[in-house]
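Inspection log for the structure reproduced underneath, given as structure tokens.
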Amino acid sequence: MKISHTLFFLLLAITIQAQVISGTVIAKNENQPIPYVKVGIEKNSAGTISDEKGNFSIDLSNVDSQQIIKIEVPGYNLYQETVQNFKQHHQQKIFLTEKTRNIKEVTIKPKKLVDKNWGVNTKTKSVIYFVNPELDKKDFLGETALEFKAKKRSKIKNINLNVASYASVQPVLMRYSIYSEKNGFPDKNILEEEITVALTEDMIKDGTFTLDVNDRNIWVQGKFFIGIQFLKDFDGRIKISAALFRTGFIRKFYGDWQKMTIAAPAINIDVKMDKNGSNHQDENEFSDDKDFLISDVSKYAEESERTDYGRNIFTGNILKLKDAELYYEVYGEGEPLILLHGNSGSIKDFYQQIPVFSKQYKVIALDTRGQGRSLDSSKKDYTYTLFADDVKAVADHLKIDKINIAGWSDGGNTGLEFALKYPDNLHKLIIIGANAFPGGVEEKITNTFINQMTRLKQLNVPESFNERRLLKIMLTEPRISQKDLNKIKSTVLVIAGDRDVIKKEHTEFIAKQLPFAKLKIYKDASHMIPFEKADQLNADIMDFLGKNN
């Protein structure tokens with residue numbers, strides 16, 4: 001009797017703890033398994049993908065019994081059920097019914113159709129979306145998307161994805177989706193059948209994988225989104241090119257979509273547009289934050305990669321400090337001019353400035369610690385004062401008593417801190433898109449950094465430690481007061497774009513508080529002036545330093 005009771009309670013305990021539910025997704029009409037179906041919890045980042053035979057297992061431990069399980073794949077009606085009821089399907093078949101397709105004939109004379117290409121075309125290898133299942137198992141099944149707008153009714157011919165690098169011994173399974181828009185975010189998948197691709201390296205031609213969807217008869221108008229999702233773990237990694245400061249969208253499984261204004265995936269589409277069709281709205285532009293966000297500067301990043309700057313074995317040097325190795329390159333002779341790049345940048349960002357300035361100055365281009373080729377072995381937070389100390393260390397190592405500094409973005413912030421801490425060692429200072437305190441940055445950019453920091457903390461992987469430090473310094477520093485600015489006695493050229501991420505009134509505030517400052521706001525320019533307005537910037541700096549031909 002005791003044995004029977006013990007066995008009963010043991011079985012009961014096993015039943016209560018059995019939270020991993022398995023099953024097979026079947027097409028009801030055909031009675032055949034459906035491969036690669038999304039099985040997840042509504043408004044939640046947890047989920048799984050069925051295998052090629054429709055089999056799946058999902059852990060429902062600690063999930064509220066009244067939450068909704070969603071099972072979907074293009075071409076079939078959405079399956080929804082409460083977690084409580086769904087648990088009863090353990091080791092059973094889940095049947096999906098095929099959608100009824102309303103095939104609508106579209107007749108447009110060929111002469112009315114014109115070819116267009118929309119989206120992000122960059123093939124840069126320096127700004128990327130990194131897909132590595134081994135590094136990030138939890139969020140691997142996430143999805144990324146890009147927004148498009150079709151002014152007139154258009155048919156999608158090709159969907160192009162620019163791949164910076166591919167490393168996998170097995171095909172990489174990925175799914176394309178096309179979503180309608182609701183409240184500025186992706187909404188419902190408008191495809192009537194799934195688009196799943198087993199991507200191999202030989203399918204990528206000249207850095208682009210082109211998917212021909214012309215026969216699928218996909219017509220769009222107004223706002224829509226194209227998304228990509230990786231469906232199966234693979235041994236390797238993929239890097240997708242991305243455009244800086246364009247708006248991309250990401251979500252974790254069935255979680256809410258989130259904007260990522262730091263970069264957008266390099267997805268572009270070839271379409272046939274109805275030239276004489278009715279207008280719907282402005283044609284294919286990235287509208288979010290376009291009034292001040294940085295334009296697509298990927299072409300400049302690509303150009304810089306084709307130079308030797310930042311990796312010049314003939315001019316490159318390393319200064320070893322207690323907790324860092326500072327990489328720098330020296331060009332030209334004459335009065336010293338130190339170039340300081342922005343956050344997460346490197347020496348090569350000045351590829352359009354170095355050849356000009358080095359004709360008349362001794363140019364010292366420095367990779368800030370933890371960036372470019374400079375290393376940092378400490379575990380402490382970055383500060384602009386610390387970066388200023390590094391600049392002083394390099395100057396001392398080169399036996400230079402007095403320097404000029406041209407700093408872009410974070411480099412400009414470092415220049416201001418150098419002016420405060422080492423006033424006797426600074427001659428002239430040029431700051432481009434600098435800020436005196438975090439409130440000087442546009443809120444939408446700051447919010448982007450906050451969201452990115454939150455995501456990195458949630459991932460909590462050692463590889464993101466330095467990235468978190470670089471985000472944190474932009475969120476918490478600098479802390480230069482009005483009185484501090486008043487103390488700076490060096491002559492300063494203050495530069496910013498009229499569409500800069502630094503608020504215009506903040507740039508004007510800095511220039512006003514500096515005793516010896518000259519202000520210049522560039523028209524039709526973003527935060528990326530050394531890229532976008534190189535000739536004008538070079539001439540202005542040479543004028544300011546006093547040696548312009």
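The values are calculated or read from the model by the stated rules, or taken from the named source; none is laboratory data. Small disclaimer: the values here were computed from a predicted structure and weren't measured. Positions of Cβ are backbone-derived with ideal geometry, glycine not excepted, and every protein chain shown enters the neighbour counts. Remember, those area values only see protein heavy atoms, side chains included, never the ligands or the DNA or RNA. Shrake-Rupley method; radii C 1.70, N 1.55, O 1.52, S 1.80 Å.
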Exercise for the section: For residues that are more than 21 Å from the chain's Cα centre (by Cα) and part of a loop (DSSP other than H, G, I, E, B), scanning just the range 147-184, find the one that is farthest from residue 209 (Cα to Cα). Expected result: 183
Fill in the blank from the handout: Across (1) open to solvent by less than 60 Å² (accessible area, probe 1.4 Å); (2) modelled with pLDDT of 95 or more, residue 333 clears everything bar (1)
Practice task
Kindly check whether there is at least one residue in the range 347-362 that is hydroxyl-bearing (Ser, Thr, Tyr) and either open to solvent by 50 Å² or more (accessible area, probe 1.4 Å) or over 22 Å from residue 331 (Cα atoms) (or both).
Solution key: no
Practice task
Working only within the range 43-85, note down all residues that are over 23 Å from residue 188 (Cβ atoms), outside any strand (DSSP E or B) and among the polar types (S, T, N, Q).
Solution key: 61, 62, 65, 66, 84, 85
Problem - Residue match in the range 505-520 (condition: at pLDDT below 95 and open to solvent by 60 Å² or more (accessible area, probe 1.4 Å)) - result: no
Handout entry: Sole residue being of a type in the set (Asp, Glu), assigned to a loop (DSSP other than H, G, I, E, B) and either closer than 19 Å to residue 129 by Cα or in contact with a Ser or Thr (Cβ under 6 Å, 6 or more places away or on another chain) (or both), chosen from 233, 187
Key = 233
Completion exercise
Taking the range 360-386 and keeping only residues that are under 21 Å from residue 309 (Cβ atoms), in contact (Cβ under 8 Å) with a residue 60 or more places away in the chain and of a type in the set (D, E, K, R), one is left with 373
Fill in the blank from the handout: Screening 407, 415 for residues that are touching a Ser or Thr at 6+ places or on another chain (Cβ under 8 Å), small (Gly, Ala, Ser) and open to solvent by less than 10 Å² (accessible area, probe 1.4 Å) leaves only 407
Handout entry: Residues within the range 201-226 that are farther than 16 Å from residue 119 by Cβ and either part of a helix (DSSP H, G or I) or touching a helix residue (DSSP H, G or I) at 6+ places or on another chain (Cβ under 6 Å) (or both), tallied
Key = 6
Exercise for the section: Grab the helices (runs of 4 or more DSSP H) fully contained in the range 448-549, keeping just those with 1 or more residues being hydrophobic (A, V, I, L, M, F, W, C) and within 24 Å of residue 372 (Cα to Cα). Expected result: 465-476, 529-532, 534-545
Problem - Residues satisfying the stated conditions in the range 422-456, i.e. under 19 Å from residue 477 (Cα atoms), of a type outside the set (A, V, I, L, M, F, W, C) and open to solvent by 70 Å² or more (accessible area, probe 1.4 Å) - result: 443, 444, 447, 451
